[in-house]
Amino acid sequence: MRVLVVGGGAREHALGQALVRAGAELVVASPQANPGLERLARGSLRVDLDQAVRIADFGERQEIDYAAIGPEAPLAAGVSDALRAREIPVVGPSQAGAQIETSKWFCRELLRRHQVPGQPRWSSPASIEEVDARIAEFATPFVIKPSGLTAGKGVWVQGADFPDPRPGAAYAKSLIAQGQRVLLEERLEGEEFSQMAFVTDSGIYPMPAVQDFKRALEGDKGGNTGGMGSYSQRDHLLPFLDAAHREAAIDILRASVAALRAEGIEYRGILYGGFMLTAQGPKLLEFNARFGDPEGINAMTLYEEGNFDELLYGVACGRVDPNLVQFRLRATVLKYLVPPGYGDRAQPGGVLTIDEPRIEEAGVHVYFGSVEAAGPGAVRLGASRGIALIGEASAIHEAGARVEAALAHVAGTYYVRHDIGTLADLARRREHMRSLFAPGAKPSPLPLSVAAPDAPPSSAAPADLRT
Ligand code: AMP
Ligand code: GLY
């Protein structure tokens, strides 16, 4: 089939690669030329991603069978609606459905109306004058979020981004003064994970759970970013996430799709829940209406031989063959190479030389993000996440070691989080969760022999992951 991929980052490079591998013909609409996608595409349009009519015109001219939308900006701008108005099926919800991501206030209100479980305590001050009173109601650490899109970077967490309520209140007031709606939420304590699913008219089809590393620096220090890397475990659970908690998160996704539908909003595409596993079970931090970047790359890497083109076409048309939704039982680790200073003040412009054939030979895949071609085997870093390297193995730390080994084939100045997917980091997360589940219990350091192997494949094998 002929498919239009909208977007030009590493997630879209991976999406395009998975489609071409399945025999699809690819055309691309993106603001900048992605060196990876350019190699794969039969045609491309340079366009800002909010240009719904231009993108839909391009799709029509290219006689595409369907479109797959990567990032949130085109969903927010109604690109899906413009394509559907021309009877082109789309992987991606309408502008109305995408509000579940584009307006955190819409999302929380919807889930409150329909009593979807797993929500933190939250409120939304109607005016600057109300902020102090609403904050006082929490009496516990809290979080401030602009309701609109912030690329994960506008959220302030007490204890991490500000020490006590006063600067938090000032931040909330400054956002309201700029005309933004603000959400206050209780600060949840636990480990974060991402649970994505394909959403069709007849049900949802979960992907493996993934953990994203949001903070810029090793040890989860530094500012919130779009995600510095991610890993997934062989059994599609995570070192700190068991099958029951994952199922509870999937139930929240299912109930949320039902809530949208109950309000007359159809949804065909990807639903991504960002969860915090707390001592009380999974709580929803946010929804995204698309593949995570990077988490979507982990999921696409694990997609079985089944035909990804056919699967996405099915999602776009609202009906998939459940046999097409199969993910391999392997662990993955992804690390982003970013410009120095990324997460605070990025210094773009550095040139990296990258020996792609050697890296691929070693079983690690390369996906290009915010980079431009700079001659044979070289790219220039932009201001955002530059190159994703993803490796797989039977255990997470082995996949992480593969990516680390691949770094020997990249020369130049960049920053990467070496701690992602290491045994020490996995043990720390497992122990963190264990100490929360047993409050008062003295945290005991995990011997490495216990921390090392991933859990054996659980009963949640792919066939059981379908809903
Ligand atoms: P969001 O854009 O809502 O996913 O928030 C970005 C990041 O802020 C999340 O990935 C968390 O690390 C953090 N965060 C958001 N909401 C909360 C919360 N209620 N409690 C603790 N951390 C949060
Ligand atoms: N990795 C976070 C996101 O895709 O929003």
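Within segment 117-157, the set of residues being touching a helix residue (DSSP H, G or I) at 6+ places or on another chain (Cβ under 8 Å), open to solvent by 50 Å² or more (accessible area, probe 1.4 Å) and not hydrophobic (A, V, I, L, M, F, W, C) comprises P117, R121, D132.
Looking at (1) touching a Leu at 6+ places or on another chain (Cβ under 7 Å); (2) closer than 29 Å to M1 by Cβ; (3) within 16 Å of ligand 2 (Cβ to nearest atom), which is the one condition that is false for P146? That leaves (2) as the condition not met. A count restricted to segment 1-20 and to residues that are open to solvent by 40 Å² or more (accessible area, probe 1.4 Å), more than 19 Å from G386 (Cα to Cα) and either at pLDDT below 95 or touching a Leu at 6+ places or on another chain (Cβ under 7 Å) (or both) stands at 1.
Let's see how each residue does on (1) surrounded by fewer than 20 Cβ atoms within 10 Å (Cβ to Cβ); (2) modelled with pLDDT of 95 or more; (3) touching a Gly at 6+ places or on another chain (Cβ under 6 Å):
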{"position": "G226", "(1), (2), (3)": "no, no, yes"}
{"position": "Y231", "(1), (2), (3)": "no, yes, yes"}
{"position": "R254", "(1), (2), (3)": "yes, yes, no"}
{"position": "T301", "(1), (2), (3)": "no, yes, no"}
{"position": "E304", "(1), (2), (3)": "yes, no, no"}
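Within segment 26-68, being open to solvent by 10 Å² or more (accessible area, probe 1.4 Å) and either part of a strand (DSSP E or B) or among the β-branched types (V, I, T) (or both) holds for G43, S44, L45, R46, V53, I64.
The sole residue among L75, L111, L83, L175 that is within 15 Å of ligand 1 (Cβ to nearest atom), modelled with pLDDT of 95 or more and open to solvent by less than 20 Å² (accessible area, probe 1.4 Å) is L111.
Run down L183, L260 and say which single residue is within 26 Å of H114 (Cα to Cα), in contact with a Phe, Trp or Tyr (Cβ under 7 Å, 6 or more places away or on another chain), away from ligand 1 (no atom under 14 Å from the Cβ) and outside any loop (DSSP other than H, G, I, E, B).
Details: L183 fails: away from ligand 1 (no atom under 14 Å from the Cβ).
Going through L183, L260 in turn, just one is within 26 Å of H114 (Cα to Cα), in contact with a Phe, Trp or Tyr (Cβ under 7 Å, 6 or more places away or on another chain), away from ligand 1 (no atom under 14 Å from the Cβ) and outside any loop (DSSP other than H, G, I, E, B): L260.
Residue count for segment 311-334, restricted to those that are assigned to a helix (DSSP H, G or I) and closer than 24 Å to V366 by Cα: 2. Checking each residue in segment 31-50 for being touching a helix residue (DSSP H, G or I) at 6+ places or on another chain (Cβ under 8 Å), more than 10 Å from H13 (Cβ to Cβ) and in contact (Cβ under 8 Å) with a residue 24 or more places away in the chain picks out A41, L49, D50.
A residue that is touching a residue at least 24 places away in the same chain (Cβ under 8 Å), within 12 Å of ligand 1 (Cβ to nearest atom) and not in a strand (DSSP E or B) can be found somewhere in segment 190-208.
Can you report the number of residues in segment 351-380 which are within 17 Å of A14 (Cα to Cα), touching a residue at least 12 places away in the same chain (Cβ under 8 Å) and in a helix (DSSP H, G or I)?
Here is the first cut: in segment 351-380, the residues within 17 Å of A14 (Cα to Cα) are 356-357, 359-360, 363-372.
Right, trim to touching a residue at least 12 places away in the same chain (Cβ under 8 Å) and you get 356, 359, 363-372.
Still in the running and in a helix (DSSP H, G or I): 356, 359.
Within segment 351-380, residues that are within 17 Å of A14 (Cα to Cα), touching a residue at least 12 places away in the same chain (Cβ under 8 Å) and in a helix (DSSP H, G or I) number 2.
Among the residues making up segment 279-298, those that are out of contact with any Leu (no Cβ under 6 Å at 6 or more places or on another chain) and part of a loop (DSSP other than H, G, I, E, B) are Q280, R290, F291, G292, D293.
The values are calculated or read from the model by the stated rules, or taken from the named source; none is laboratory data. Since we're looking at a predicted model, the values are computed, not measured. Here Cβ is always computed from backbone atoms with ideal geometry, including for glycine, and neighbour counts include all displayed protein chains. Note: accessible area is taken over every heavy atom of the protein model, side chains too, but ligands, DNA and RNA are not part of it. Shrake-Rupley method; radii C 1.70, N 1.55, O 1.52, S 1.80 Å.
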